[in-house]
Structures are given as C-alpha cells and as structure tokens.
Amino acid sequence: MPSRCYITTPIYYVNDKPHIGHTYTTVLADVMARHRRMMGEEVYFLTGTDEHGQKIEKAAAARGITPKALADEVVPNFESLWKRMELTNDHFVRTTHPGHKAVVQAKFLELLAAGDIFKDTYKGLYSVSDEAYVTETQAKEMQAQGLAHQLVELEEESYFFRLSSYENWLLQLYERYPEIVRPEFRLNEVKQFVAPGGVRGHLENLSISRTSITWGIPVPGDEKHVVYVWFDALLNYLSACREGFWPPTFQLVGKDILRFHAIYWPAFLMAMFRQEGDDLQGELPARIRDLLPHTILAHGWWLMGEDKMSKSKGNVVRPEQLLAFGVDAARYFFMREMTVGMDRSFSFEGLIDRLNADLANGLGNLASRTLSMLQRYREGRVPEPVVLDDLDREVLEAGRRLAPTYLEKAAANDFHGALEGLWAYLRFLDGYIVKAEPWKLAKVDSAQDRLDTVLCLLYRALRASAVLVSPVVPTLAQTLWASLGQAGAVADQRFDAFDFDAPAPGPVAGPEPLFQRIDKEAVMNELNAETPAPAPEMPLDVPPVKAIIDYDAFAATDLRVGQVLTAEAVPKSKKLIKMTVDLGFEQRTILGGIAGAYTPEELVGRKVVVVANLAPRALMGVESHGMLLAASDNNSKPYLIAPPDDARPGFIIK
Ligand code: MSP
C-alpha cells in the first residue's frame, strides 16, 4: 500500500479578501502535495475557511449583513483564486458546514464528560484593545508598558480546557519528537513559551467558550455560550480529514499562529485520544504520539521592505498583481525566494529579475538552444552518448546526482534549496556549451560522436528538470516535457522510477517558448502608474483667526487624553457615533458627529483629545459628556486629533 500523506493549510478568516500571505501558504502546500504524489504517496490536501468569531461578526455588522452572508460572499474569492493558482486541494472545508459543527459539539461534550473541559467563573483582566483575556504575565507586561488602563476586571461564566494538565506530555513531545515543529528554532520558541527557562508551572488553563458573542458554534446544552473560535477552527483538521489519512503529516502555519498549533492543538488531541489509566504525569504513551500531527511547519512572512504588509499602511501586494506575471511565475517565485521559516522582503523588481534570470534565461534559454540544435544537427532525434571526455563525464556525473540531491532537499520541504541547486546545474551547462562549442563540432566529420554526447547530456538535463520542477511550475514543466518528445503528463512520472540515463522515446519537437522575458522597465512604469498619485490639494477655505484671548481664557478649557473603548452608530442619525471614552480617572459617554469619516470599528482603541469640562448636552436623546477635538476646514470631513502613542488617558493637554 502506498504511504499516505495528509497536508493542511490554516483555514482563512473570511473578513477580508485573500492576500499574498494566504496565497503563499496554500501554494507551498500544493507544491508539497504534488511533490508527494510524484513520490508515489497517496495525498490528501485540505484547505478552507474559518468563518466564526468576533472578527467576522464585526466585519459583517459594519457592512450591515449577516456573518453567514459575508462568508458566502467571500468564500468564492478564495475558491476561484485557488483554481487560478492551479491548486490541487482535495477538499475545501468551511467551519459553518453542519458536519464540522457536529464534530466540534461532539468533541466538546466528550472532553466535558472526561473532565478535560469544566465550567467555572472567569475572573480576570480583559484587554479592551485586544478583545481578549490576558494572563497574569501578559498583564504585568502591559502594566510595565504603561498600558494598565486598557485592562478591565471582568467576571463571566466560561468553560475551560485543562491545558495545564498537559504540560508534562507536551514537553515530552517537544523533547523526544522534535520534528513536531519545524524549523528547529521555532520549536525552541514553543518550548520557551510552555516552560520559560525550563521552569514548569506556567501553562494556564484555557477559556474555551464565550458569552459575549453569538456568532459561533453553541455549546450543546448551554447555548448562551459559543465555542471559542480557535477550538472550533483547529478541529477542522479532524472534522474534514478523509478516512484513513489521520494523523496529519504536514500542517503549514504562519509563525504568528504557531502557538495555537503547537500547544493548544496537540493538547486538545491528547485529551481526545487519552484513555483511562493513561498517566498525565508519566510518559506520553506511544499510542498517543502516533495519533498526533507529524510536523507543524511554520513559515515566515512576506514583508514590504522591513515592514509587515497591512491595509492601513497601503503596502499590500494583491494576489492578482502576482498572477499578472503568470501562474507558474508566481509559484516559482514563492518557492525559489522564500526559505521556509524565514521572513522575506517582497519587491516587484526582485520578482522580475528572478523570473527573467531563471525562467526566461536559465531554463528557457537552455531548452530553446538544445531543442534547436537537436533539430538542426540531428533532425530531432536524440542520440546516445558514445565518447565522453573529462568534461562530458563531469557533466554526466553531476546530472546523475541532480535528482537525488534535489529530492533530498524537497523531501525536507526545502524547495528554495532544491531549486537553487538545480539552477546552479543549469548555469554549469551554459558554461559546458560555451566550452564544448557544438556549432563547431557540427562542422567536423570526425567530431560527430562528441556532438552526440553533448546533445544527449543537454537533453537529459532538461528532461530531469521537467520532472523535478513539475510540482512547482506544472504548466511550464508539461510544455517542456512535450517538446522533449515525451508522451503523457509529466505529473504522472514517479520520482523513484526516474532514470537520468533512459533513452529518449522518439524525436523532439521544435522549441516551444517556455517563458517570455519581462520588460522590466515597462512593467515597473505600469506598476508605478497604478499607484494613485496623491490627489491635488484643495485650496483652503478657512475663516479668519478669532479675536485674541488671554491665557486664562484658554486655560479654562480642560483638555485631556482619552481612549475610545466602545463605539456604535446612533440609530436614525447619519452623523453621530456614540462612544465610551476612557479618561483614566473615569469613563464617559461622548457623542461625535464623525460617522461620515470614521466607522465604529476604526474608533475603538484610538486615542483622542477630549474637551473634558464642556457642559453635557443631549443629542438624539443621548447625553454627551464632552467633545472630541478634530481638525477640518469647516466644510469637509473631520480629522480626529491624535495624541502620541505613549500619552495615557487622563494626561492633561496644555
Ligand atoms: N483563521 C486563522 C487560522 C486558523 S487555523 C485553524 C487565521 N486566519 S488568517 O486569515 O488570518 O490567515 C492567517 C495565515 O496567513 C497565517 O498562517 C499567517 O501567517 C498568514 N499570513 C498573513 N500575512 C502574511 C504575510 N504577509 N506573509 C506570509 N503569511 C502571512 O489566522
């Protein structure tokens, strides 16, 4: 029976369109899936969407639609992008699917019955800006950073997962089976989180239900609780697994969500697979280890310069911009440029240089030269090598090592290194052509055997390249394969049956262009033109400066730093937003006529300047206790005045 391989990607939130980060992870998973299929493994490749939780609830509310309607609108964007990227996922899971919901509820109840989940009152500190409870350690860190005002004491009923009980087994897992988290430096980070400095007793139980939101899977029998979105989301890997493929072989995640996957997820699984008599303080039973994921593979981020890509910074690369260069181009660039685990800066210049150097020149050029020579000198027939000089022998030996070296790196998911090695060989062949000078050999009768050898070695190198890179650039590899006179789909080749020296099956076709060289200057000009030029500034229309006042008149106004804790639109009003603003010493309700310029979501967490001693005033039946300062030319939109980041609520402004 072929060995089985189960590959997963994170499931993506549906509050936004797919971006380059999602695309990178999913392409990497696809390359791994295709590669493993060509290794003769039976693969199940899963991706999907994470559709519950507060993020989605809020994004939907801001659009005035239901969360499910939002998900239904966004999911096709993911599905169609994955098709265009030629991804071969076997299934697309959605957490709103009833089948998934049933598994989450059943597992929740099982863990509840086993005592791994229990109900308690959660008394603790809640970070308003992060919308999450914080641990004591995190609270201390926030206090040290002067952020104590963002913490409020909350008390609510919650279900807890007994995470602390799994500390011992988790630490054994990391020690004895270090392949659980790759690359290694990420494993160290996880260990450090579970037991800082090797000291145990830090892992706290995990609150896994919420009463503050409604968009989620209800806790069965206690429906005012919904299941915490990460418990729900992580279980997709179980609920959508195809029979016979458990446990996951490779689970791809970004570094930012590694803790959820390397700590919570194995602990949930340990609890699910645990049997009576298993000793949580003793050895992690082999039976359980065999049911846990083999490897959680954490990759780094695509950055813009040194910065994270983010919508607010306006430096996000859209998947469509990459696709404009072609599917193979985007896939090749991702795999060649990113070392799995590390961050990498993105630039269009870098992308174009890479594609021109490797696909248009490197492989494309070698293929077109070789195929033209085979046509011109041998009428398309591929000769066998008869005489080999030292250089030919060196080329042949390096060619025979090509596949084993490439496959060893790729098996460790190091596609960056594998491709680098392959292209180094292609460059070596360029030098070989220069030295062997086949165009001169063609003119000399006695050199025909040597010419056979040169042409044959070039042909074999191209054939090996087509097979090896097929998972990365499927269409390009197939074009090359066909023009080499090979029948069928290159993706149906098996790496273990690949023979560098196999005779060519028949005559080769003429060279097919593999990759069109990109005109860098023209494309860069186009891209720069796409970036909208700043709008011309409107002439200022401002009233003259008011009459002079003395200092005391100014000082009578009490201005304070505030921070918006909550914000909501005032029903029936187009302009007004009702906010709770933290002034450090108290919280106030303040109404602002800023709805045209800001959404409630944008306001929460923002620091503002408050006129703190303004007489209260009722607007639309709500009393406002203060006013926010904003800049404007009196006709157009307000620009809220922002105090510096390190100014704390309550600070006096004078
Ligand atoms: N829904 C959760 C995952 C649940 S898995 C059970 C989630 N979703 S997400 O939509 O935010 O997608 C996050 C994934 O995209 C992460 O793996 C993250 O690392 C990745 N990326 C987000 N921005 C990225 C880059 N700029 N570069 C590379 N990947 C990055 O988290």
Three-way shape label, the stretch 539-644, alpha-carbon gyration tensor, a/c 1.5: oblate
Where Rh is the Kirkwood radius over Cα pairs, Rg/Rh for the stretch 277-326: 1.37
So how long is each side of the stretch 52-143 along the principal axes, counting just the alpha-carbon atoms, biggest first, in Å? 47, 36, 27
Where the Cα atoms of the stretch 96-171 are projected onto their three principal axes, how long is each span, largest first, in whole Å? 45, 33, 21
Taking Rh as the Kirkwood radius computed over C-alpha pairs, what is the Stokes-Einstein D of the stretch 268-409 at 25 °C in a medium of viscosity 0.890 mPa s, expressed in µm² per second? 117 µm²/s
What is the ratio of the Cα radius of gyration of the stretch 589-643 to 2.2 N^0.38 Å, with N the residue count, to two decimals? 1.13
Can you return the lysines within cross-link range of Lys654? Criterion is Cα-Cα under 22 Å, with same-chain partners fewer than 8 residues away left out. Lys546, Lys607
May I ask you to work out the translational diffusion coefficient for the stretch 464-511 at 20 °C, viscosity 1.002 mPa s, via Stokes-Einstein with Rh from the Kirkwood sum over Cα pairs, reported in whole µm²/s? 196 µm²/s
With no solvent term and unit scatterers on the alpha-carbon positions of the stretch 306-368, Debye gives log₁₀ I(q)/I(0) at q = 0.14, 0.23 Å⁻¹ of -0.46, -1.07
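Roughly speaking, what is the stretch gain from Ala424 to Lys123, that is 0.36 nm per residue apart minus the C-alpha to C-alpha distance, in nm to one decimal?
On the way: separation 301, 0.36 × 301 = 108.36 nm, distance 6.01 nm.
Going from the current span to full extension adds 102.4 nm.
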What value in Å³ per residue do you get for the convex hull of the alpha-carbon atoms in the stretch 406-563? 297 Å³
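If the viscosity is 1.306 mPa s and the temperature 10 °C, what translational diffusion coefficient in µm²/s does Stokes-Einstein give for the chain when Rh comes from Kirkwood over Cα pairs? All intermediate terms of the calculation are to be shown ahead of the outcome.
Values: Rh = 29.1 Å.
Approximately 55 µm²/s, per Stokes-Einstein.
Pick out the long, greasy-scoring helices in the chain: whole DSSP H runs spanning 30 Å or more along their own axis by Cα, mean Kyte-Doolittle at least 0.5.
Numbers: long enough: 390-411 (32 Å, -0.56); 415-436 (31 Å, 0.53); 448-469 (32 Å, 0.75).
Counting only whole DSSP H runs, the qualifying helices are 415-436, 448-469.
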Using only the alpha carbons of the stretch 64-218, what is the convex hull's orientation-averaged projected area in square nanometres? 13.4 nm²
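The stretch 19-91: percent of C-alpha pairs farther apart than 21 Å? Show your work: numbers first, answer last.
Numbers: 1024 of 2628 pairs.
Here the tail beyond 21 Å accounts for 39 percent of pairs.
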Test of the criteria: in the stretch 353-454, which GluC sites (Glu not before Pro) are in a DSSP loop and have at most 10 other Cβ atoms within 10 angstrom of their Cβ? Glu379
Determine the relative contact order of the stretch 270-409: mean sequence separation of Cα pairs under 8 Å and six or more apart, normalised by residue count, in whole percent. 19 percent
In cubic angstrom per residue, the convex hull of the stretch 146-291 built on its Cα atoms measures 167 Å³
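Given the -39500 (n - 2.57) contribution per DSSP H run of 4+ residues, what per-residue ellipticity at 222 nm results for the chain, rounded to the nearest 500 deg cm²/dmol? Could the numbers behind the result be given before it?
Details: 23 runs with 254 residues, N = 654.
Result for the chain, helices only: -12000 deg cm²/dmol.
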Over the stretch 322-370, average the accessible area per residue using a 1.4 Å probe and give it in Å², no decimals. 29 Å²
For a protection proxy built on the mean count of beta-carbon atoms within 10 angstrom, sort 85-91, 568-574 highest first, please. 85-91, 568-574
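The values are calculated or read from the model by the stated rules, or taken from the named source; none is laboratory data. None of these values were measured; they are calculated from a predicted model. Cβ coordinates were reconstructed from backbone atoms using ideal geometry, including for glycine residues, and neighbour counts include every protein chain displayed. Ligands, DNA and RNA are excluded from the accessible area calculation, which covers all protein heavy atoms including side chains. Shrake-Rupley method; radii C 1.70, N 1.55, O 1.52, S 1.80 Å.
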